[in-house]
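Okay, structure first, notes after.
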Amino acid sequence: MLQKMMKIQVIGPKKDLHNVLDLLYAKGTVQLEDASTQVRPGEISLKKMTAEQVGDIAAALTKIGGILLTLPKIRVDEKTVSNTYSTLRAQSQEDLLLRVNSVIDELEPVTKLLATEKSDLEITLTNLTRYEKIIDKIRPLESSLPALEGFEVTVLLIQREFKDVIDIIRNALTEITRNQFELLSADVDETTIAAVTIFNKRYSEQVHSFVFTQNVNEVRLPPEYLGKPFNEIFSLIEAGKTTATDENARVNAELAKISSTWYVELSALHQILEERNQELSVFSKIGQTEYTFVILGWIPKKSLKDTRTALKDAFGGRVLVNELTLTPDEMANAPTFYDNPRFVKPFEYLMKVVSPARSTEIDPSPLMAIFLPVFFGIMVGDIGYGLIILAFALIMKWKFPDRDWLQHLMNILVIASIWSIFFGYFYGEFFGDFGEHMGWIHPQTLFGVELNRMEAIVPFLLLSIAIGVFHVFLGLILGIVNAYTEISCKRHVAKAKKHICEKTGMMIVITGLILVIAATALALPAPLVTTGAILIIIAIPLIIIGGGVFGTFEIMSTVGNILSYARIMAIGTASVILAVVANKLGGMMEVALVGVLIAVLLHTLNIVLAMFSPFLHSLRLHLVEFDSKFYEGGGEMYKPFKKENGGKSL
């Protein structure tokens with residue numbers, strides 16, 4: 001059901017604002033509204049809080065986050081973490097910022113320096129490893145390279161698929177250097193070719209500019225390697241790698257030492273600053289006078305007492321909570337807060353996806369939680385299928401615990417599969433008629449009718465239509481209740497009265513049509529034809545008053561809605577027929593293994609269809625045939641000011 005929402009003002013001295021926001025953020029019960037936009041006649045005009053009043057939380061958060069990224073993560077004792085978090089969380093805004101700035105002043109210069117050193121060393125190691133690999137591949141070319149002073153050596157890495165670019169480079173170098181160059185190539189690996197170019201240094205700028213235009217990877221050897229034999233270069237690279245590795249280990253050791261001392265406090269500070277930063281992001285919604293602040297927001301009625309008590313305990317009489325008197329339109333625009341038992345939550349999700357209810361409407365989620373699984377169970381109605389669907393849903397829930405949408409859908413399947421097993425017992429179905437042939441189970445008899453879906457097609461059709469009549473009538477009654485709610489709120493009174501007339505007339509005319517049809521078919525006493533006709537005559541004016549002349553066309557639409565429930569019988573019958581066909585085809589095969597394979601494949605297909613088709617048709621019966629009689633939707637979901645992750649995450 002939907003919780004009644006209250007609109008409140010929280011008023012207090014400015015010095016307590018940060019701590020009040022802290023408390024409301026921790027409670028997570030108030031959806032904040034802009035306190036400065038709507039001022040009623042006679043009320044004091046409120047100014048918005050400005051960015052200058054927010055403080056330096058965002059800058060401090062960035063710096064603490066940067067320090068944390070520099071340090072290696074370490075294992076920490078959860079109790080120590082919790083105690084540190086609680087101690088720091090209890091500090092005022094001013095004291096917290098003093099501590100944060102003290103930590104930043106002490107650690108930021110050191111960690112920045114070490115981070116820069118570490119980055120430079122890692123780049124050096126990467127480059128040295130790269131040089132080593134390339135030189136190793138082109139070392140066989142060394143004997144072909146001229147040893148000339150004043151010449152530059154450059155290595156070009158070219159993808160094999162673009163090897164034709166080597167000829168382009170050769171021709172261009174001939175022109176640029178006046179043929180004072182050498183160009184040799186060798187395979188680096190299956191996908192890369194290395195081209196070594198030697199040219200006079202005075203053409204260096206022109207050569208590099210041209211190479212850049214060819215979009216090839218140019219590797220320039222450091223100056224200290226130029227003119228040296230490749231074996232000597234290898235020795236220099238190894239020495240450089242050893243030095244860089246040792247230096248990198250020293251830097252890592254220093255960072256690890258800092259981390260062991262500061263990691264817990266830094267993590268706690270980062271988490272608290274993130275929370276405070278989110279709190280302060282709502283400053284633009286807070287109103288102020290010279291000495292006080294005003295917070296405006298929506299809160300569920302059931303949470304008001306607890307929140308008020310928490311504010312009173314924390315601030316005494318300095319912070320007040322006022323309940324506001326709302327106009328009907330304001331109440332109608334209150335945020336939507338679903339508050340249902342756990343088994344209804346998955347169906348809330350379906351309603352949120354379609355369109356959340358308005359705060360003054362009846363919540364259709366509990367009704368969907370009752371009827372949708374029952375419709376599914378009536379259609380599937382097989383113990384074997386129900387068990388497999390149940391197992392599938394539980395496996396998917398276990399396999400993908402972090403996907404909320406899938407968890408909701410699988411929870412619906414779990415509930416629906418239980419109803420499938422329940423009705424499967426009454427139908428006597430276990431993989432179609434397999435259970436009956438084995439003597440394990442038989443259809444039950446109810447009111448003299450054997451519940452064998454292959455034979456009792458007409459009784460099942462009548463049952464489906466009866467369900468449709470009940471379901472549509474329930475929707476019309478709920479529509480009348482919603483209309484009375486509008487009248488009691490003194491909102492759209494004339495329109496609500498017309499809705500009551502139209503929906504009342506619709507129930508009367510449908511009742512009259514049922515009596516006329518049933519009596520004509522001799523299912524009811526003949527005099528009831530007259531009673532039915534009288535009801536129709538009485539109902540027509542009510543429908544015209546409520547919906548105008550065109551409202552009479554809604555009669556056929558409502559009749560069509562009721563007849564749509566015949567799909568419950570049709571889909572269920574189709575499912576059991578396919579199951580029986582699977583068993584018969586399997587039994588007709590001379591080779592037992594082939595027969596079993598055919599039966600398994602057909603049953604698998606039927607189970608897949610059973611998971612999707614009955615679910616979608618049951619959902620349609622609710623959203624189209626049922627909800628259309630009372631539900632408009634279009635509400636705004638309740639979004640309280642609280643931690644998004646629901647807790648600390650140090």
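The values are calculated or read from the model by the stated rules, or taken from the named source; none is laboratory data. As the structure is a computational prediction, the values presented were derived from the model and not from experiment. Glycine also receives a Cβ, built like all others from the backbone with ideal geometry; neighbour counts cover every protein chain displayed.
Of all residues assigned to the range 369-378, none qualifies as being part of a loop (DSSP other than H, G, I, E, B) and not charged (D, E, K, R). Of all the residues in the range 325-359, those that are assigned to a loop (DSSP other than H, G, I, E, B) and over 17 Å from Gly475 (Cβ atoms) number 12.
Criterion applied to Phe371, Phe375 was being under 30 Å from Val481 (Cβ atoms) and crowded, with 22+ Cβ neighbours inside 10 Å, and the one residue passing it is Phe375. Just give me the residues in the range 391-414 being surrounded by 13 or more Cβ atoms within 10 Å (Cβ to Cβ) and among the β-branched types (Val, Ile, Thr), in sequence order. Once the filter is applied, which keeps residues that are surrounded by 13 or more Cβ atoms within 10 Å (Cβ to Cβ) and among the β-branched types (Val, Ile, Thr), the range 391-414 yields Ile412, Val414. With respect to the conditions (1) of a type in the set (A, V, I, L, M); (2) surrounded by fewer than 20 Cβ atoms within 10 Å (Cβ to Cβ); (3) modelled with pLDDT of 90 or more; (4) over 23 Å from Phe434 (Cα atoms), Ile555 falls short on a single one, namely (3).
Would you mind stating whether Gln9 is in contact with a Leu (Cβ under 9 Å, 6 or more places away or on another chain), surrounded by fewer than 14 Cβ atoms within 10 Å (Cβ to Cβ) and either at pLDDT below 85 or assigned to a strand (DSSP E or B) (or both)? Judged against the criteria, Gln9 is not a match. Does the range 95-109 hold any residues that are polar (S, T, N, Q) and surrounded by 14 or more Cβ atoms within 10 Å (Cβ to Cβ), and which are they? Asn101, the sole residue that qualifies.
Does the range 290-298 contain any residue that is within 18 Å of Glu636 (Cα to Cα), part of a strand (DSSP E or B) and of a type in the set (A, V, I, L, M)? Within the range 290-298, one or more residues are within 18 Å of Glu636 (Cα to Cα), part of a strand (DSSP E or B) and of a type in the set (A, V, I, L, M).
Taken over the range 345-357, the residue count meeting the criterion of being closer than 14 Å to Leu2 by Cβ and buried (at least 19 other Cβ atoms within 10 Å of the Cβ) is 5.
In the range 171-191, what residues are under 25 Å from Lys133 (Cβ atoms) and surrounded by fewer than 15 Cβ atoms within 10 Å (Cβ to Cβ)? The answer is Ala186, Asp187, Asp189, Glu190, Thr191. Search the range 53-76 for residues that are closer than 29 Å to Gly287 by Cβ and pair each with any residue that is at pLDDT below 80 and not basic (Lys, Arg) when their beta-carbon atoms are under 6 Å apart and the residues are at least 6 apart or on different chains. What qualifies is Val54/Leu280; Val54/Phe283; Ile57/Asn277; Ile57/Leu280; Ala58/Asn277; Leu61/Asn277.
All conditions in (1) exposed (fewer than 15 other Cβ atoms within 10 Å of the Cβ); (2) assigned to a helix (DSSP H, G or I); (3) in contact (Cβ under 8 Å) with a residue 60 or more places away in the chain hold for Asn322, with the sole exception of (2). Quick check on the range 26-53: of everything there that is of a type in the set (D, E, K, R) and at pLDDT below 85, which residue is nearest to Tyr338 (Cα to Cα)? Of everything passing the filter in the range 26-53, Asp34 is nearest to Tyr338 (Cα to Cα).
When only residues in the range 299-319 that are in a helix (DSSP H, G or I) and without any contact (Cβ under 8 Å) to a residue 40 or more places away in the chain count, which is surrounded by the most Cβ atoms within 10 Å (Cβ to Cβ)? Filtering first and then ranking leaves Arg308.
For the range 54-98, filtering for residues that are within 16 Å of Tyr25 (Cβ to Cβ) and among the polar types (S, T, N, Q) leaves 4. Looking only at residues in the range 268-290 that are under 27 Å from the mean Cα position of the chain (by Cα) and of a type in the set (S, T, N, Q), the one that is modelled with the lowest pLDDT is Ser281.
Reported count of residues in the range 327-379, each being without any contact (Cβ under 8 Å) to a residue 60 or more places away in the chain, in contact with a helix residue (DSSP H, G or I) (Cβ under 6 Å, 6 or more places away or on another chain) and of a type in the set (Val, Ile, Thr), is 2. None of Phe337, Phe347 is under 20 Å from the mean Cα position of the chain (by Cα), farther than 21 Å from Ser618 by Cβ and not charged (D, E, K, R) except Phe337. Being basic (Lys, Arg) and in contact (Cβ under 8 Å) with a residue 12 or more places away in the chain is a condition met by no residue of the range 257-275. For the range 54-94, taking the residues that are in a helix (DSSP H, G or I) and modelled with pLDDT under 80, the one that is surrounded by the most Cβ atoms within 10 Å (Cβ to Cβ) is identified as Ile57.
Glu254 falls short of the stated requirement of being over 19 Å from Leu121 (Cα atoms) and either surrounded by fewer than 19 Cβ atoms within 10 Å (Cβ to Cβ) or out of contact with any Asp or Glu (no Cβ under 6 Å at 6 or more places or on another chain) (or both).
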